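The values are calculated or read from the model by the stated rules, or taken from the named source; none is laboratory data. No experiment lies behind these values; they were computed from the predicted model shown. Because the Cβ atoms are built from the backbone with ideal geometry, glycine has one as well, and the counts that use them run over all protein chains shown.
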Amino acid sequence: MAAVTTTTPPALRLTQYAAGGGCACKVPPGELERVLGTLPLSTHPDLVVGLENGDDAAVVRIDGTRAVIATADFFTPVVDDPYDWGRIAAANALSDVYAMGGTPVVAVNLLTWPRDRIPFDVAAEVLRGGAAVCAEAGTVLGGGHSVDGPEPKYGQAVTGIADTARLLRNDAGRAGLPLTLTKPLGLGVLNNRHKATGERFEEAVAVMTTLNREASAAALAAGVEAATDVTGFGLLGHLFKLARASGVSAVVDAAAVPYLEGARASLAAGFVPGGSRRNLDWVRPHLLPEVEEDELLLLADAQTSGGLLVVGELPGHPVVGELVPAQEWTVRVR
């Protein structure tokens, strides 16, 4: 069983003020792609990475080989503690820049707050958590924007810089390369259990507040060209997008994938976010599954502030599969 610290439920539980939690509250990937597919694509000559392949952020060349990376990410409470929620949301937003191989330079807060339902002083703790993570990352936090709304939401818009010749992209994967995962899975089911029971999972909080900075730097040092972070669409969803964009297929060795303590028990107890089930439904037509349904659900589990999925090998992190030449299926799970 998971190592948890169970305490008397606090008077204010932030997760009870939102229908979903964390990245599990994202718009379903299939529906999102359908809507985005109706929009015109930019043809600006300096747009290096845009909407086409579902990358983690936009990249625009500013001169020579220098580029600016722009992204925004926000979500409803994933934990009850406001300070921890702020830290998690900030780490998640910064991750989009790291996932592109960039360095985050400046962030601004994005906050929605139901002032008639939750004391606004609680929002200060959320913002304090976000500021703490930006300070850890060496990223300037330069203000933000707030609105009054029915659900609490918090995140950041982040701007970073990168070398256009050293980006990590969805469309740069090549057959024959291994797949490395830098954080364990299971955040979705554990967060859903936390929302339902109030149990606090310290390991999950530690994972979600860990920056992907070192993993990104290690990938660049190893000459990696393709990567993505594993967030709301789960490992299978993000891997599917990467393989599709790269024109290859992928094989996942399910037994090699690491999980947080308590993730399997939480799945067995029924704490599966709706977002995780939607993820699996979306990728199922493109899967060659050779494992049980429960294993697929964990692989599709909607993560919040998850790790990087790197096309290459990084010391200290598990290899969980490989890219292979394109097949009739896009992702095989064995």
Can you work out which of the residues in segment 33-56 that are of a type in the set (D, E, K, R) and assigned to a loop (DSSP other than H, G, I, E, B) is modelled with the highest pLDDT? D46
Does L141 count as modelled with pLDDT of 95 or more, touching a Cys at 6+ places or on another chain (Cβ under 8 Å), part of a helix (DSSP H, G or I) and of a type in the set (A, V, I, L, M, F, W, C)? no
Count, please, the residues in segment 126-181 that happen to be closer than 12 Å to V105 by Cα and among the β-branched types (V, I, T). 5
How many residues does segment 71-118 contain that are in a strand (DSSP E or B) and under 20 Å from E136 (Cα atoms)? 12
Basic (K, R) and under 30 Å from A67 (Cα atoms): does that describe R174? yes
Selection from segment 57-67 of residues that are in a strand (DSSP E or B) and in contact with a Lys or Arg (Cβ under 9 Å, 6 or more places away or on another chain): V59, A67
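Each row is one residue, and each column tells you yes or no for (1) surrounded by fewer than 20 Cβ atoms within 10 Å (Cβ to Cβ); (2) within 18 Å of R213 (Cα to Cα); (3) touching a Ser or Thr at 6+ places or on another chain (Cβ under 9 Å).
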{"residue": "P82", "(1), (2), (3)": "no, no, no"}
{"residue": "A90", "(1), (2), (3)": "no, yes, yes"}
{"residue": "A93", "(1), (2), (3)": "no, yes, yes"}
{"residue": "L110", "(1), (2), (3)": "no, no, yes"}
{"residue": "P119", "(1), (2), (3)": "yes, no, no"}
{"residue": "V122", "(1), (2), (3)": "yes, no, no"}
{"residue": "V126", "(1), (2), (3)": "no, no, no"}
{"residue": "G130", "(1), (2), (3)": "no, yes, no"}
{"residue": "G143", "(1), (2), (3)": "yes, no, no"}
Residues of segment 27-43 satisfying the condition of being hydrophobic (A, V, I, L, M, F, W, C) and over 15 Å from A58 (Cβ atoms): V27, L32, V35
Could you list all residues from segment 225-251 that are surrounded by 24 or more Cβ atoms within 10 Å (Cβ to Cβ) and either of a type in the set (K, R) or more than 23 Å from Q327 (Cβ to Cβ) (or both)? D229, T231, G232
Residues located in segment 33-80, provided they are more than 27 Å from I161 (Cα to Cα), surrounded by 15 or more Cβ atoms within 10 Å (Cβ to Cβ) and not β-branched (V, I, T): P77, D80
For segment 290-300 the number of residues that are closer than 20 Å to R244 by Cβ and in contact with a Phe, Trp or Tyr (Cβ under 9 Å, 6 or more places away or on another chain) is 1
Can you report the number of residues in segment 39-93 which are of a type outside the set (D, E, K, R), farther than 30 Å from G188 by Cα and touching a strand residue (DSSP E or B) at 6+ places or on another chain (Cβ under 7 Å)? 7
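Yes/no matrix, rows are residues, columns are (1) assigned by TED's automatic domain parsing to the domain that holds V310; (2) among the hydroxyl-bearing types (S, T, Y); (3) touching a Pro at 6+ places or on another chain (Cβ under 8 Å):
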site: G142; (1), (2), (3): no, no, no
site: S146; (1), (2), (3): no, yes, no
site: P184; (1), (2), (3): yes, no, yes
site: V189; (1), (2), (3): yes, no, yes
site: K195; (1), (2), (3): yes, no, no
site: N212; (1), (2), (3): yes, no, no
site: A227; (1), (2), (3): yes, no, no
site: V230; (1), (2), (3): yes, no, no
site: L235; (1), (2), (3): yes, no, no
Output the residue which, of all residues in segment 19-32 that are modelled with pLDDT of 75 or more and part of a helix (DSSP H, G or I), is surrounded by the most Cβ atoms within 10 Å (Cβ to Cβ). L32
Restricting attention to segment 153-193, and to residues there that are assigned to a strand (DSSP E or B) and in contact with a Lys or Arg (Cβ under 9 Å, 6 or more places away or on another chain), which single residue is nearest to D81 (Cα to Cα)? I161
Does A162 satisfy the criteria of being surrounded by fewer than 22 Cβ atoms within 10 Å (Cβ to Cβ), out of contact with any Pro (no Cβ under 9 Å at 6 or more places or on another chain) and more than 17 Å from L235 (Cβ to Cβ)? no
